[in-house]
Amino acid sequence: MSARYLLPYAPDAIGGLPADLPALVWDGDGPVPPADALREVEFFCLPYMRHAVALPVIGRLPALRVVQTLTAGMDDVLPHVPDGVEACNARGLHDASTAELAVTLVLASLRGVPRFTRLQDQGRWQQEFHQSLADKTVLILGYGSIGRALAARLEPFECEIVRVARRARPEERVHGVDELPGLLPAADVVVLLTPLTPESHHLVDAAFLARLKDGALLVNVARGPVVDTAALLAELTAGRLRAALDVTDPEPLPADHPLWHAPGTLITPHVGGPSSAFLPRAKRLLRERVLRFEEGEPLTPGA
């Protein structure tokens, strides 16, 4: 039987798929299946966190019709997708995990958790006064699927939420990105969730940061190049702003990079998605997409 699918999980592990689904399984760790096994593959799901080894495989699939990722962002994938091949991201898959991490970074930074961790390492009991999330204004820049999940988690914390997307959506109380100059000065916390595009590259530049009030917290769970690292470093070194970064530019962050030791900075190594929430949601999304492809239906709602 010719393989129509190249998947990172076996169909029986995904569940709910036809028992005779013509699929090859490749998780990105072992050797790539041979060319004769790949010649009729139409649907390729890239293994999660294995894009570096998976992207060259796209060019070895002459019958390819769909590239499916298990990531929300596709900035690294799209340049490798041939004309006429549909590229689908994993919208919704990372909502819970990434929103959780964003809340974690906000709370940890405001409440001084990194400092208390260092004091614990020294065996020091030192009570201090830190900021609360309550009564703060949190601006979410990039109000899409993950942004909605983040807002839902922030609402019980008694903070004001300002929603910003590429275009204004008044019916959802969402501002347009063109309104940022008037919105930034009131923000205590800015959470970046915007995808990386030519328009969003270095969107957070020196002028953007200068509009933030003293002591504001910038949280980046989007993509590193959305932020001008040099401009951010200048503000952090001066002690005027704070940052919590799950993504950086460059990434991985070199061991000798000054961001590691910038005052008021908390860094996690791009772990917004990989958590126990990932696998069940990945399988659910992949099941839905494969069944839609089998039936000849649009792969994403509204398509």
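The values are calculated or read from the model by the stated rules, or taken from the named source; none is laboratory data. Remember, it's a predicted structure, so these values are computed and weren't measured experimentally. Ideal geometry is used to build each Cβ from the backbone, glycine not excepted, and the neighbour counts take in all protein chains shown. What goes into the accessible areas is simple: the full protein's heavy atoms, side chains included, and nothing from ligands, DNA or RNA. Shrake-Rupley method; radii C 1.70, N 1.55, O 1.52, S 1.80 Å.
A cut-off under 15 angstrom between Cβ atoms defines the neighbours of PRO114, and their net charge, with Lys, Arg +1 and Asp, Glu -1, is +2.
Our helix-only sum for the chain, with -39,500 (n - 2.57) per DSSP H run of n ≥ 4 divided by its residues, gives a mean residue ellipticity at 222 nm of -8000 deg cm²/dmol.
Relative to the longest principal axis of the Cα atoms of the chain, the long axis of helix 278-295 makes an angle of roughly 40 degrees.
Look at the dipole of the chain built from charges on Cβ: of ALA19, GLY182, GLN120, the Cα furthest out on the positive end belongs to GLN120.
The range 70-172: which GluC sites (Glu not before Pro) are DSSP loop and have at most 16 other beta-carbon atoms within 10 angstrom? Walk me through the numbers before you get to the answer.
On the way: sites: GLU86, GLU100, GLU128, GLU158, GLU160, GLU171, GLU172; in loops: GLU128, GLU158.
Here the sparse-neighbourhood loop sites are GLU128, GLU158.
The angle separating the long axis of helix 95-110 from the principal Cα axis of greatest extent in the chain is about 20 degrees. With the other protein chains left in place, how much accessible area per residue, in square angstrom, belongs to the range 26-116 at a 1.4 angstrom probe? For the range 26-116, the solvent-accessible area averages 44 Å² per residue.
Spin-label model, GLU294/GLU100: points 7 Å from Cα along the beta carbon direction are separated by 3.0 nm. For the chain, leaving out every one of the chymotrypsin sites (Phe, Trp or Tyr not before Pro) that falls in a DSSP loop and has at most 15 other Cβ atoms within 10 Å, the longest unbroken run is 130-303.
Defining a contact as two alpha carbons under 8 Å apart and six or more residues distant in sequence, what relative contact order in percent does the range 184-239 show? Don't skip to the answer; put the middle values down first.
On the way: 72 pairs, mean separation 26.2, N = 56.
Relative contact order, the range 184-239: 47 percent.
Listed values for the range 2-8 are Karplus-derived 3J(HN,Hα) couplings in whole Hz (6.51 cos²θ - 1.76 cosθ + 1.60, θ = phi - 60°), namely 6, 8, 9, 10, 10, 10, x, and x replaces Gly and Pro. How many percent of the alpha carbon pairs in the range 95-267 exceed a separation of 29 Å? Of all Cα-Cα pairs in the range 95-267, 16 percent lie more than 29 Å apart.
Please state the equivalent ellipsoid semi-axes for the range 175-303: what are the square roots of 5 times the Cα gyration tensor eigenvalues, largest first, in whole Å?
Numbers: eigenvalues 227, 72, 30 Å².
Listed largest to smallest, the semi-axes of the range 175-303 are 34, 19, 12 Å.
In a reduced charge model with +1 at each Lys and Arg Cβ and -1 at each Asp and Glu Cβ, the chain shows a dipole moment near 460 debye about its Cα centre.
At a probe radius of 1.4 angstrom, the accessible area of the range 147-271 per residue rounds to 47 square angstrom. Oblate is the label for the range 85-162. Its Cα gyration tensor axes, ordered a ≥ b ≥ c, give a/c of at least 1.5 and b/c at or above a/b. Rounded to the nearest 10 degrees, the angle from helix 145-154 to the longest Cα principal axis of the chain is 40 degrees. Based on alpha carbons, the Rg and Dmax found for the range 1-123 are 19.5, 64 Å.
Among rounded, prolate and oblate, which fits the chain when a ≥ b ≥ c are the square roots of the eigenvalues of its C-alpha gyration tensor, a/c under 1.5 means rounded, and a/b larger than b/c means prolate?
Numbers: a/c = 2.12, a/b = 1.86, b/c = 1.14.
It is prolate, given that a/c is not under 1.5 and a/b is the larger ratio.
Taking trypsin sites (Lys or Arg not before Pro) across the range 51-126, the ones in a DSSP loop with at most 10 further Cβ atoms lying within 10 angstrom of their Cβ are ARG124. Put a plus charge on the Cβ of each Lys and Arg, a minus charge on the Cβ of each Asp and Glu, and nothing anywhere else: the dipole of the range 174-303 about its Cα centre is then about 440 debye. Of the solvent-accessible surface of the chain, computed with a 1.4 Å probe and all protein chains present, 54% belongs to carbon and sulfur.
Taking the Cα centre of each part, how many Å lie between the range 236-260 and the range 19-59? Centre-to-centre (Cα) distance: 35 Å.
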